[in-house]
Structures are given as C-alpha cells and as structure tokens.
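Step one of this worksheet: look at the structure below.
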Amino acid sequence: MSTLELENVSKQFGTMAALEPLALRIADGELVCLLGPSGSGKSTLLRIIGGFEMPTGGKVLIDGADVARTPPEKRPTAMVFQSHALWGHMTVEGNIGFGLKLRGLKKPEIAAKVDAALRLVGLAEYGKRHPAQLSGGQRQRVAIARCLVLEPKILLMDEPFASLDQHLRDRLREEVRQIQRKLGITTVFVTHGQDEALSIADRIAVMSMGRIEQVGTPAEIYTHPQTPFVAGFIGDMNMMKTTVQGGAALIGGVRFDAPMADGEALIAVRPEDVTLMPSRDGEGARVRRIVNYGAVLKIEAEAADGAVWKVQTLKDVPVTEGGFYRPTVSRHIVFRDDRVVHRVDPT
Amino acid sequence: MIFLSTRRFDFFGYGILLFLIFFIVLPVLTVFLWAFAEQWFYPAVLPTKWGFRFWSLVLARPDVWSAFVTSIELSLTVTALSAVICLPAAYAFARMDFPGKSVFMMSFLMANAFPRFALIISIAVLFLSLDLVGTFTGVVIIQLLNTLLLMIWLPTAAFRAVSREMEEAARDVGASAWQVFRYVTLPQAFPTIAAALLMTFVWTFYETEGAWLVGAPRIRTMPLLMMQMINNQLVVQYGAVLSVMLWVPSLAAILMARRIIGGDTFAKGLGG
Ligand SMILES: Nc1ncnc2c1ncn2[C@@H]1O[C@H](COP(=O)(O)OP(=O)(O)O)[C@@H](O)[C@H]1O
Ligand SMILES: [Mg+2]
C-alpha cells in the first residue's frame, strides 16, 4: 500500500529550469506514465523521485513521508535504467541478489528470493549467466527482477525498452503491465512513445518544457486534451490556426462553432472525426492521397483555401484519389492562449 | 598490377623482417647463446663449448642475490605506495570536481614533457641536500615520481569509463558510497588498474637512470649490476646470464597480464 505525492517539486540546473514547480499524486498500485518529448524533464523528475537528483524545491512524499533529502540507498524506490545498468562482472544471480546481500540476508534466503524473481520474469534457467551472455530483452528482464526482488514501494522505469525493437518492446510492455498488476506495485514509467503510454498507463502525465501539461487517463488525454501541446502530441490531429469572427470560424469550407471574442484561435480536430461526403467537381476538398492501413484509410484532402485535412475512415468508405468531397466535422476543440475555450462533442 | 603490388609488399615485408632480425632477434639470441656458452672463439658461428658453468658462478655471487632482493623490494614498495597514493587520486580526478583539477592533471603531463634525464639530475641534486642520495627511500621516491603519470592517468581513465548508471543502480539497491566503490566501480575498473600496477612493477624493476643517479653506490638493482658487470668484467657470460635472468620477471609480468587483462575478467568487465 504505497502512494506517491509530489508537491511543488522544481529543479534548477544552474540557471536552467529543468522543472517548473509541479504537483502529481499517484495512488496505490497505480501505473502512471510520464510522457513527453526528449528534454521535457521526464528523467529529471524520475531521478528526483529515485533520489539521484535533489529537487531545488518541493516535497516528495512516499506514504506521506517526505524523502526529498533521503539518498537513494535509503529510499523505498527501485529504478530500471534505460541502459539496464547491470553489473557486468556479476552473474545474473549476483545482480539480483546484490541488494539482498547488502541487507544481510542469509544465503539460502537470498537464493530462494532470487529464484522467485527470476521465475517472475521468465528467466529461471539464466541465473548462472553473465549479462554479456543475454539478449537486450533478457537484460531488461533481469534489471526488472533486480528491482522487484527488493519489494520496493515505488517502481521507477526510465524508457526501459527504448533500445529494443518494436516487437520485443510490445511484448515486454505487456509483461511489465501484468507483473505490475499482479504485485499491485505503484509505478512511474517514463516514455516518449505515445503508443507505449496509451497502452500501459492507468494515467498519463504529459510533460513539456519542464511542466506537466495534463494528467489523465489515456481516454481523457486523447479525447479531452487541455492544451494545444497535448492535443498535438498525442495521436494524429488537425491543428489549424484561424480567426474567429462573430462566434464562428471558417476553415477549408467548414464552419466551426466558436462562441468567444473575435481574434486568433487554434482549432483541433481528430482525423477520425472528419467525414467526407461526395460533392461536385471543384467543390469542397480534393483528395490528394489515400494510404491503406488495412482496417482504416488515412486520407489527405486539400480545400480550396489551401487548408489540408487529415482524415481517417473505415476502409469500406468509397473515396478515390483526385475526387472532390465535402468535409463535415463531428467534434472539435477551440484553443486560445493555450487553454480550451470551447469544445463541441456530441457524445 | 596485382603481381607487382604483391612483389612490392613482399619486399617491404621482408625488409621489416630483416630489420627485426638484425636489430632485435640477433642481439637477443646472441645474449642467450652467451649465457649458455663456456667457450666461444671468434670464427665459430655457435659456441664451441656449452654449459651451465657461468650460471652457477653468477648464482653463487652474493652481490647478485642482494641486487635481486633489492630490485624486488624496490619494485614491490614502489608499486604498493603508488597504488595507495595514486588510486584515490585517480578516483578523485575521475569522479569529483574541485578547483584546480585541470591544472593538476596538466602538471603531470608537463613534468613528463621535460627531458627525463635532466629532471632526474635536478632531483638528485635536491636529494643530495636532503641526504636521500644512496638510500632506499631516495630511490623509492624517484621511482614513485617516475610512475606517477602512468598510475594516475590509466586508473583515471578506467574509473571514468565505469558507467554512472551502473553506480547509481548500486546505490538504488542499497549500497553506500563505499560499497558502490568496492563492489561496482573497482571491479569494473580492475583490469586496467591491474595493467597499470603490473607496468609500474616492471618499469621500476628495469629502470636504470634514476636508480643509478640517486641510488649509487649503495643501492644496486639488478639492471645496474648487469650494466656494471658488462662494463667492468672481461667475462661476457656474467652479463649474459644476468640478462637472461632479468628477462624472467618481464616474461612473468606479460603472462600475468594476459591472464588478468586478456582473460575472462576483462571480457566480463566489459560485458553487459
Ligand atoms: N545533470 C544535468 N545538468 C544540466 N542539465 C541537465 C542535467 N540533466 C538534465 N539536464 C537538462 O534538463 C532538461 C530535461 O532533461 P531530462 O529530464 O533528461 O529530459 P527527458 O528525460 O524528458 O528527455 C534538458 O534540457 C537537459 O539538458
Ligand atoms: Mg530521459
């Protein structure tokens, strides 16, 4: 039963603010992904939780106790590093058992725990090997076992599968998810891959330039982005600059509801929320390109005013390249000053 | 074209081979032959009488044994002291930041940019006033200075090469700073450090300039004794026997180095 709370945590490297003061609460047994582009401060935040960086300000509360000034060896956290960071001069067993040895456990007890941890990650036969004799995926499994064997309160993972190929990454991600569920261990998982975050997380914290832009379930983040950054970063999105006049904006032949003061605004539309209806030649938008993804078609259509629509439809919708279609939009979001001003969502 | 270039390559290769034979293999071979020659008169290509007589003569000399003991004692002392002084310094250079660090690092290089012999002479003059000339301590100090660069730069590079994440992972599972060093950093850097220690030992064992200038006449190491015998004795075999004997520790060192550096440890140290 462990919770993690960050209160006003900030980090300054010299004059550069790597993290603006931020807050985040993670419930017991929850898996939260820190998702953001490279350099957005994900690793810095994770390292602050793990004790490898001191926050410039703020509190890191694990089960209510502030550990912001506690060194990593005294924290109930365990970290899986991107480079796996296994100790090459020790065997797999040696790696996993090292923390237990430091805690002064008896040999048979260590052996039993190491064995259980190895079986948990599906490497029961590999205890006597050295890390150099393992594949990339197996090494990360050992790194995970090395953490779990210590029964930490919080599990931290920093892009653990970034160096693996797509197929292996998907599989390990599922395994991690299952193990995490089974043990009910509170987990913070850093990634810059939205697919990874969307598929594994209970909640996602989207980060950009040292700030947490939004925290929410994958569905919330996808359907209700709170900032243009989140809207553009997760999933495909039509992001269109426009000028609102009289409570509406006109883009690519589509009229958007925008009940607000006149002026600049940003309108965001998901490709799957655009429908194309056949129209007469020269009217509406002309289809430039169709890419068949099997289950869906991804279409690019250019309107007379130059606006380009990204459209996604089911594959049995009859659309041809070069044809003219009238786009209709079922959902849209209007942003101004980086905030949501209006949202049309019939569901 | 191919024919030509092959011929040219062969010529070049043979040239190098001849050079090596003439300047390295031949002298070494000659020394070896002399060491086991009891008689070798001018026109004969090989010794005219073989035997171990000069070995028993050389081994019976007390000055040979005392020089041998001196050399071993000296090399061991210098290696041990150098390790005690340089390894912590190397770790500090690799992992800590302090003012004047780069100046300090540079000063080692600078000291080695001077002509070594001139440097040793000026140190010998200094030692004269400190009453260190002709003492074991004096020779130890000069050899320490000699090996400082090697024993700081190599281990510094070795410590630097240890992955930070590996050390952090050790902290993460509960290791204190000292335990991280003991169980992760040191084993990871060990092959390189072992090589530096071996090189220090061998270097000290064979060094002559400093040993002679500071140690003479009371401290006499094996190489000094050998030089003295070659210079003063009419019997060539004494020097030859000593040369062959002197060859043994370096051979042992190379074999040890192969075990430590070329062997399993190295692969494991790098692995992962
Ligand atoms: N030790 C450090 N010293 C100085 N700047 C750092 C340090 N660590 C990270 N940074 C900077 O902080 C910012 C956030 O880095 P990081 O947390 O690694 O981002 P991410 O993991 O999201 O890619 C980057 O601009 C990075 O250059
Ligand atoms: Mg990172």
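The values are calculated or read from the model by the stated rules, or taken from the named source; none is laboratory data. Computed from a predicted model, the values in this text were never measured in an experiment. Every residue, glycine among them, receives a Cβ derived from its backbone with ideal geometry; neighbour counts consider all protein chains shown. Side chains are part of the model used for accessible areas, which takes the heavy atoms of the whole protein and leaves out ligands, DNA and RNA. Shrake-Rupley method; radii C 1.70, N 1.55, O 1.52, S 1.80 Å.
The table for this structure:
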read-out	value
Area of B:Glu73 that stays accessible when all protein chains are in place (1.4 Å probe, Å², to 10)	100
Between A and B, accessible area buried - total, square angstrom, nearest 100, 1.4 angstrom probe	2000
Area accessible to solvent at B:Met256, 1.4 Å probe radius, in Å²	100
FRET efficiency, B:Leu109 to A:Glu20 (Cβ-Cβ, R0 45 Å, nearest 0.05)	0.55
Accessible surface of A:Cys147 - all protein chains present, 1.4 Å probe, nearest 10 Å²	0
Folded to 0 to 90 degrees: helix B:26-35 orientation relative to chain B principal axis, Cα	70
Degrees between helix B:236-257 axis and first principal axis of chain B (Cα, 0 to 90, nearest 10)	30
Options A:Leu156, B:Ile219, B:Trp153, ranked by Cα towards positive dipole end of the protein assembly as shown, top entry (Cβ charges)	B:Ile219
Degrees separating the helix A:107-120 axis from the principal Cα axis of chain A, which is the longest one	20
Hydrodynamic radius (Kirkwood) for chain B, which is based on Cα pairs only, to one decimal in Å	22.1
Enclosed volume per residue, in Å³, of the convex hull spanned by Cα atoms of the stretch A:47-134	124
Cα-centre dipole for the protein assembly as shown with unit charges at Cβ (Lys and Arg positive, Asp and Glu negative), debye to 20	1600
Estimated Rh, the stretch A:4-230: Kirkwood, alpha-carbon pairs, angstrom	18.0
Given charges at beta-carbon only (K, R positive; D, E negative), |dipole| of the stretch A:69-130 in Debye	260
J(HN,Hα) series, the stretch B:211-221, from Karplus relation 6.51 cos²θ - 1.76 cosθ + 1.60, nearest Hz, glycine and proline x	4, 6, 5, 8, x, 5, x, 7, 8, 10, 8
Estimated inter-spin distance, B:Arg182 and B:Glu73, nm [label 7 Å along Cα→Cβ]	3.4
Under 5 Å, built H, 5+ apart or other chain: amide partners of A:Thr313	A:Leu297, A:Ile299
Efficiency of FRET between A:Met277 and A:His167 - r from beta-carbon atoms, R0 51 angstrom, step 0.05	0.80
Compactness relative to 2.2 N^0.38 Å, alpha carbon Rg of the stretch A:237-344	1.08
Complex-versus-alone comparison for the stretch A:100-119, residues with a loss of 10 Å² or more in accessible area, probe 1.4 Å	A:Lys101, A:Leu102, A:Arg103
Sequence of A:Ser38, B:Ser56, B:Ser243 from largest to smallest accessible area, 1.4 Å probe	A:Ser38, B:Ser56, B:Ser243
Mean Cα-pair separation over length for the stretch A:237-344, i.e. relative contact order, pairs under 8 Å, 6 or more apart, %	30
Cα-centred dipole magnitude for the stretch A:209-347, charges only on beta-carbon of K, R (+1) and D, E (-1), debye, nearest 20	160
Gaussian network model of chain A, Cα within-10 Å springs - most flexible of A:Gly39, A:Gly122, A:Gly282	A:Gly282
Kirkwood Rh in Å, taken over all unlike Cα pairs in the stretch A:28-77	11.8
Lys/Arg +1, Asp/Glu -1 at C-beta; the stretch A:237-344 dipole; positive extreme among A:Ile333, A:Ala295, A:Val254	A:Ala295
Table column - 3J(HN,Hα) (Hz), the stretch A:340-347, Karplus curve with 6.51, -1.76, 1.60, x for Gly and Pro	6, 9, 8, 9, 10, 8, x, 7
Convex hull of the stretch B:111-217 built on C-alpha atoms - directionally averaged projected area, nm²	8.2
Where Rh is the Kirkwood radius over Cα pairs, Rg/Rh for the protein assembly as shown	1.18
Largest-first ordering by accessible area, 1.4 Å probe, given options B:Phe41, B:Phe93	B:Phe41, B:Phe93
Viscosity 1.002 mPa s, temperature 20 °C, Stokes-Einstein D of the stretch A:126-231 from Kirkwood C-alpha radius, µm²/s	141
Computed FRET value (nearest 0.05) for A:Ala124 with A:Val340, which takes r as the C-beta separation and R₀ as 56 Å	0.65
Hypothetical label at A:Ala304: residues of the stretch A:268-289 whose amide nitrogen lies under 17 Å (7 Å Cα-Cβ projection)	A:277-287
For chain B, built as a Gaussian network whose Cα springs stay under 10 Å, the top-fluctuating residue of B:Phe127, B:Phe19, B:Phe54	B:Phe19
Accessible-area order (highest first, 1.4 angstrom probe) of the listed residues A:His192, A:His332, A:His167	A:His167, A:His192, A:His332
Debye-sum result for the stretch B:96-174 in log10 I(q)/I(0), which assumes one identical scatterer on each alpha carbon, at q = 0.22, 0.23 Å⁻¹	-1.07, -1.11
Spin-label model distance (nm) - B:Arg258 vs B:Leu145, 7 Å beyond Cα toward Cβ	3.7
For the stretch A:315-332 versus the stretch A:118-161, the gap between their alpha-carbon centres in whole angstrom	48
Burial of 10 Å² or greater, the stretch A:29-66 residues [accessible area, probe 1.4 Å, versus chain by itself]	A:Arg47, A:Phe52
Amide H partners (placed H, <5 Å) of A:Val9, local residues excluded	A:Leu22, A:Lys59
